[in-house]
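Here the structure comes first, spelled out in structure tokens, and everything after it is commentary.
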Amino acid sequence: MGSSPIAILAYGYDLGLSARQIKEADRWGNLTVPWVETAPALDEDDECLSFVDQCKRRLLHPPAGLTLVEAAQWSETFTENIGWFGVDEASVTASGVEFVAWGDDTEPSFALVAHCERNDWETSKALDLAALERRRADPKLGWDALLDQALKRLQITPLQTSPSWLLLAQYS
């Protein structure tokens, strides 16, 4: 089984390699926000959690301003019975955004996105760019608002000043 390139068109923010495109990161790309584990955070299998894994888990915490009953219902809805693979899906469901890995799969960069189109190297894919832009601008979908909410909950500020369409490639 070999590695293959994947094309990615996504709407959101480029966070870079190890959070290097985030204002709240040190020169090594480590997040300096208060909720990030300073010692290596470990998952249930005692494996180190990357900054993205910690961010996903942060997005699963109930948002501020909920009553105790609402927070309990929120937690039950999004965190009940999730294992390692469930964290990805649950954080997307809870927040409306996802982290997309791009670049080299051994040391990927990441983007925080509200929408993502992927295509492998063996097929072509026609995209209706005007339709994608209409969806992006649709206030009912609120892609910009979802990204803003996620950034506030994560307490991070991308160096990129506003969300935009990103053309990315991944080798995996």
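The values are calculated or read from the model by the stated rules, or taken from the named source; none is laboratory data. In this text, all values refer to a predicted model and were calculated from it rather than measured experimentally. We place every Cβ from the backbone using ideal geometry, glycine too, and count neighbours over all the protein chains shown.
Within segment 146-161, identify whether any single residue is β-branched (Val, Ile, Thr), farther than 16 Å from Gln21 by Cβ and either loosely packed, with under 14 Cβ neighbours inside 10 Å or at pLDDT 95 or above (or both), and answer yes or no.
No, the conditions are met nowhere in segment 146-161.
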Within segment 2-16, considering residues that are of a type in the set (A, V, I, L, M, F, W, C) and under 13 Å from the mean Cα position of the chain (by Cα), the one nearest to Lys125 (Cα to Cα): Ala10
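If you check Ala111, Ala137, which single one turns out to be closer than 18 Å to Gln21 by Cα and either of a type in the set (A, V, I, L, M) or surrounded by fewer than 12 Cβ atoms within 10 Å (Cβ to Cβ) (or both)? Spell out how you get there, then give the answer.
Values: Ala137 fails: closer than 18 Å to Gln21 by Cα.
Being closer than 18 Å to Gln21 by Cα and either of a type in the set (A, V, I, L, M) or surrounded by fewer than 12 Cβ atoms within 10 Å (Cβ to Cβ) (or both) holds for just one of Ala111, Ala137, which is Ala111.
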Output the qualifying pairs, or none if there are none: Cβ atoms under 8 angstrom, residues six or more apart or on different chains, first residue in segment 140-167 and within 14 Å of Cys55 (Cβ to Cβ), second residue among the acidic types (Asp, Glu) and surrounded by fewer than 17 Cβ atoms within 10 Å (Cβ to Cβ). Gln155/Glu24; Ile156/Glu24; Thr157/Glu24
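Listed here are the residues, each with its yes/no results for (1) part of a loop (DSSP other than H, G, I, E, B); (2) farther than 26 Å from Val33 by Cβ; (3) modelled with pLDDT of 90 or more.
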site	(1), (2), (3)
His61	yes, no, no
Phe78	no, no, no
Cys116	no, no, yes
Thr123	yes, yes, no
Leu167	no, yes, yes
